[in-house]
Amino acid sequence: MAASLFIAAALIGGSAAVVNRRVSARTAAAEAAFPPTGRMLRVNGRAVHADVSGTGPDVVLIHGASGNTRDFTFDLARRLAARYRVIVFDRPGLGWSDDAGQDGISPQGQARILRDAARQLGAERPVILGHSYGGAVAMAWALQDADGTAALVLLGGATMPWPGGLGGWYSLTSGRLGRAVAVPLVSAFAPLSQTLGTIASIFAPDPVPVGYAEYVGAGLTLRPASLGTNARQVNGLRPFIVEMSQAYARLAMPVEIVHGTADTIVPADIHAIPLSTLLPDAALTLLPGIGHMPHHADPDAVLAAIDRVAARARLR
């Protein structure tokens, strides 16, 4: 992909006007097609998008890299709303939440912003569920406010330091030059087939649910600002996790860890299994043959984990 992007840049002949027009048109189309599904809150002058539904104990859902609230409102939030008040946030700089600059690069900074937004909604002691990158934000939230966090649920959570790199796209966008070239070109010219292929690779080996690709709003992720923010967040994540992991043992709240054994994006043997041995009150559920999206591939297992942790926290 890196080679094709630079070839495309040469063929375009450096015409920023061509790229900018294409980016503007695609951004406008995506924002018109996928408007906010919830309400816009203000935290320190910045917008935070929150989709709120249901009644009962509060459960906060935090999406992963490149995602937005629609990953959860497609199915899981609806299932939970029958017995919980479900608060789904767009993380800073993604979906419809404003970029928070340096405050939003770390999971700790994102947790502070989302915690302030949750308090505006009256959520004082919620269950925090994080998927993938959102797992790191959930852990940061708990470390910052252990008394105000009833429990944690981690789905394919990126929570432990990992060996090696992050793959081609994140290597390409780890520096300013790569972001300056790659981000606008992908935003302007990434074909639908590539978007669908990326979604399929995230779900693999599980199938993509019918209607998901049309609902999730991948065009929002392809906006240059969102692509750049996501790249900075993911590329900078590991040092923050190294720091946080040294304090995990002091988290006494109940934790449910749900992880697919076929997850190759956030492998269970690097993240879920070691984490389960560090936390004082963790229950680990490994889902045989399931990939990186357990809330879609096995929603009943995820619902059961949320019910268990809510009961353990005496919320139900």
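Do you know which of the residues in segment 74-92 that are open to solvent by 30 Å² or more (accessible area, probe 1.4 Å) and either in a helix (DSSP H, G or I) or of a type in the set (A, V, I, L, M) (or both) is farthest from PRO36 (Cα to Cα)?
ALA82
Do we find that SER226 is at negative phi, crowded, with 22+ Cβ neighbours inside 10 Å and among the polar types (S, T, N, Q) in this structure? It would help to see each step written out before you state the result.
Values: at negative phi: yes; crowded, with 22+ Cβ neighbours inside 10 Å: yes; among the polar types (S, T, N, Q): yes.
Taking the combined requirement at face value, the residue satisfies it.
Does ASP51 fit the bill of being under 21 Å from THR221 (Cα atoms), in contact with a Ser or Thr (Cβ under 9 Å, 6 or more places away or on another chain) and among the acidic types (Asp, Glu)?
Numbers: under 21 Å from THR221 (Cα atoms): yes; in contact with a Ser or Thr (Cβ under 9 Å, 6 or more places away or on another chain): yes; among the acidic types (Asp, Glu): yes.
When the stated conditions are applied, ASP51 passes them.
Tell me, yes or no, whether segment 104-121 has at least one residue that is among the small types (Gly, Ala, Ser), touching a strand residue (DSSP E or B) at 6+ places or on another chain (Cβ under 9 Å) and open to solvent by 10 Å² or more (accessible area, probe 1.4 Å). Walk me through it before giving the result.
Just the residues of segment 104-121 that are among the small types (Gly, Ala, Ser), to begin with: 104, 106, 109, 111, 117-118.
Keeping just the survivors that are touching a strand residue (DSSP E or B) at 6+ places or on another chain (Cβ under 9 Å) gives 104, 111, 117-118.
Still in the running and open to solvent by 10 Å² or more (accessible area, probe 1.4 Å): none.
No, that holds for no residue.
Is there a residue being open to solvent by 40 Å² or more (accessible area, probe 1.4 Å) and assigned to a helix (DSSP H, G or I) anywhere in segment 252-271? Break it down stepwise before answering.
From segment 252-271, those open to solvent by 40 Å² or more (accessible area, probe 1.4 Å) are 252, 261, 264-265, 269-270; that's our starting set.
Add one more test, that the residue is assigned to a helix (DSSP H, G or I), and what stays is none.
No, segment 252-271 contains no residue that is open to solvent by 40 Å² or more (accessible area, probe 1.4 Å) and assigned to a helix (DSSP H, G or I).
Report, by residue number, each residue of segment 46-70 that is part of a loop (DSSP other than H, G, I, E, B) and either touching a strand residue (DSSP E or B) at 6+ places or on another chain (Cβ under 8 Å) or at pLDDT 95 or above (or both).
If we filter segment 46-70 for residues that are part of a loop (DSSP other than H, G, I, E, B), which is where we start, we get 54-57, 63-69.
Scanning segment 46-70 gives GLY54, THR55, GLY56, PRO57, HIS63, GLY64, ALA65, GLY67, ASN68, THR69.
Pull up segment 225-267, narrow it to residues that are among the acidic types (Asp, Glu) and farther than 30 Å from VAL186 by Cα, then point me to the one that is nearest to the chain's Cα centre (by Cα).
Within segment 225-267, the subset among the acidic types (Asp, Glu) is 243, 256, 263.
Checking the rest, the ones that are also farther than 30 Å from VAL186 by Cα come to 243, 256.
On the way: GLU243: 20, GLU256: 18 Å.
Result: GLU256.
Give ASN235, ASN230 a once-over and let me know the one that is touching a helix residue (DSSP H, G or I) at 6+ places or on another chain (Cβ under 6 Å) and in contact (Cβ under 8 Å) with a residue 60 or more places away in the chain.
Numbers: ASN230 fails: touching a helix residue (DSSP H, G or I) at 6+ places or on another chain (Cβ under 6 Å).
The match here is ASN235.
Got at least one residue in segment 196-216 being out of contact with any His (no Cβ under 6 Å at 6 or more places or on another chain), under 16 Å from GLY93 (Cβ atoms) and in contact (Cβ under 8 Å) with a residue 60 or more places away in the chain?
no
GLU124 passes all but one of (1) in contact with a Pro (Cβ under 9 Å, 6 or more places away or on another chain); (2) modelled with pLDDT under 95; which number fails?
Checking GLU124 against (1) in contact with a Pro (Cβ under 9 Å, 6 or more places away or on another chain); (2) modelled with pLDDT under 95, the one that fails is (1).
The values are calculated or read from the model by the stated rules, or taken from the named source; none is laboratory data. Nothing here was measured: the structure is a model prediction, and the numbers come from that model. Here Cβ is always computed from backbone atoms with ideal geometry, including for glycine, and neighbour counts include all displayed protein chains. Remember, those area values only see protein heavy atoms, side chains included, never the ligands or the DNA or RNA. Shrake-Rupley method; radii C 1.70, N 1.55, O 1.52, S 1.80 Å.
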